[in-house]
1. Quick test of your reading of the structure: residue 170 fulfils all but one of (1) under 20 Å from residue 337 (Cα atoms); (2) in the same structural domain as residue 235 (by TED's automatic domain parsing). Name the failing condition by number.
2. If only one of 202, 243, 232 is of a type outside the set (Gly, Ala, Ser), under 24 Å from the mean Cα position of the chain (by Cα) and outside any loop (DSSP other than H, G, I, E, B), which one is it?
3. Give the number of residues within region 284-332 that are of a type in the set (A, V, I, L, M) and under 17 Å from residue 60 (Cα atoms).
4. Do you know which of the residues in region 157-197 that are within 17 Å of residue 210 (Cβ to Cβ) and part of a loop (DSSP other than H, G, I, E, B) is nearest to the chain's Cα centre (by Cα)?
5. Given the structure, is residue 208 buried (at least 17 other Cβ atoms within 10 Å of the Cβ), in contact with a strand residue (DSSP E or B) (Cβ under 7 Å, 6 or more places away or on another chain) and small (Gly, Ala, Ser)?
6. Determine whether residue 13 is at pLDDT below 95, more than 18 Å from the chain's Cα centre (by Cα), part of a loop (DSSP other than H, G, I, E, B) and aliphatic (A, V, I, L, M).
7. Determine which single condition residue 154 fails, assuming it passes every other condition in (1) polar (S, T, N, Q); (2) part of a loop (DSSP other than H, G, I, E, B); (3) within 15 Å of the ligand (Cβ to nearest atom).
Amino acid sequence: MNNMKKIIIVLAMAFIIVAIFKVCVSRDTYSKTGYKGKLPKVGAAIYKYDDEFMSYICNSMENDAYGRIALNMNDSQNDQNIQLQQVDEMILKGSRALVINLVQPKAAKAVINKARVANLPVIFFNKEPDASVLNSYDKAWFVGTDSKESGILQGKMIVDLWNENKSKWDKNQDGKLSYVLLKGEPGHPDAEARSKYALDEIKKAGISVEELAQATAMWDDAKAKEKMDGWISKFNDRIEFVISNNDVMALGALDSLEKAGYLSEKKFIPVVGIDAIPNAIKKIKEGTMVGTILNDASSQGRAIIDLVTNAANGKNILNSTSWKITNNKYVRIPYVTIIKDNIDVAEQAYK
Ligand code: GAL
């Protein structure tokens with residue numbers, strides 16, 4: 001090989017080495033500085049996509065994230081192990097902050113452990129972790145509601161509606177409100193608080209109650225319909241109220257009641273839910289469902305994105321926002337009672 005050839009080969013090799021080195025450096029720089037010139041990456045995990053209320057929060061998050069952060073949304077398919085793997089991937093892919101809707105509230109600790117190692121901020125939402133776990137990491141916050149408030153409001157709404165209509169709704173005129181209760185996922189802070197506080201409010205108002213049955217339908221309409229079918233054949237005309245922890249289950253119960261002829265004027269059984277999803281709003285307008293509690297998905301989605309955008313940019317999470325924080329950890333969006341008279345409030349929230 002003559003000298004000229006040797007020089008060309010050495011130069012070519014040097015060029016290749018420099019090129020490889022540049023790629024490595026730039027990747028490393030990107031992951032450290034957050035995609036130079038591009039939007040900061042944020043990884044989000046939703047406990048399962050197949051949950052109607054969560055889909056409204058996701059829509060709100062996606063709309064609000066547009067042009068501000070690169071949001072990478074993941075379906076955890078109701079499996080905590082899948083979600084923890086997704087968290088690992090988000091961290092590996094260079095997320096600057098995490099947004100987590102836990103599958104199991106108890107798994108907050110495992111998520112925080114991972115976030116802490118990577119020194120990343122994490123916003124939990126919808127399923128509230130234990131306060132001690134949230135307080136164990138200075139870069140963890142919760143965006144959601146006050147579960148207890150939804151139960152109290154639902155209970156007060158039932159009291160008002162019952163007092164106005166008991167001449168028709170107290171079928172056997174024994175002065176007792178005989179109910180069946182559809183519960184969300186056991187152990188879920190919303191399901192537990194709603195079941196407890198709704199009933200406490202009714203009792204506090206001096207109304208005697210009779211619980212005919214209570215069962216979980218896991219926030220799901222088909223499961224709720226199945227339960228309701230069984231209760232109708234077991235209790236027939238003894239059911240005087242259907243209290244549901246969310247609207248999706250209330251709609252399942254309505255389906256069952258409708259098929260069994262219980263929505264006609266004479267046999268009418270009142271049903272209440274929580275969330276104020278569009279299909280429930282429709283039923284309240286029609287008069288087949290009597291009320292719900294607005295769980296403001298739109299505001300929750302906006303608050304999540306405002307906070308996480310700040311966190312991903314290394315700013316104070318409340319920077320340039322008007323959200324109120326309590327105990328330095330919680331941004332809670334208020335619930336609103338919805339009946340036919342103020343249905344426009346719920347319609348506005350879903351615009
Ligand atoms: C609740 C909501 C339910 C369900 C649940 C999922 O706040 O009312 O419908 O979506 O969250 O965690």
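The values are calculated or read from the model by the stated rules, or taken from the named source; none is laboratory data. Keep in mind the model is a prediction, meaning the values are calculated, not measured. Virtual Cβ from ideal backbone geometry, glycine too; neighbours counted across all protein chains shown. Each accessible area value is taken on the protein alone, full model and side chains, heavy atoms only, with ligands, DNA and RNA left out. Shrake-Rupley method; radii C 1.70, N 1.55, O 1.52, S 1.80 Å.
1. Status for residue 170: all satisfied but (1).
2. 243
3. Number satisfying all stated conditions: 8.
4. 170
5. Answer is no for this residue.
6. No.
7. (2)
This table checks each residue for (1) under 20 Å from residue 137 (Cα atoms); (2) free of Cβ contacts under 8 Å to residues at least 12 places away in the same chain; (3) of a type outside the set (Val, Ile, Thr).
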position	(1), (2), (3)
85	no, yes, yes
89	no, no, yes
96	yes, no, yes
101	yes, no, yes
107	yes, no, yes
113	yes, yes, yes
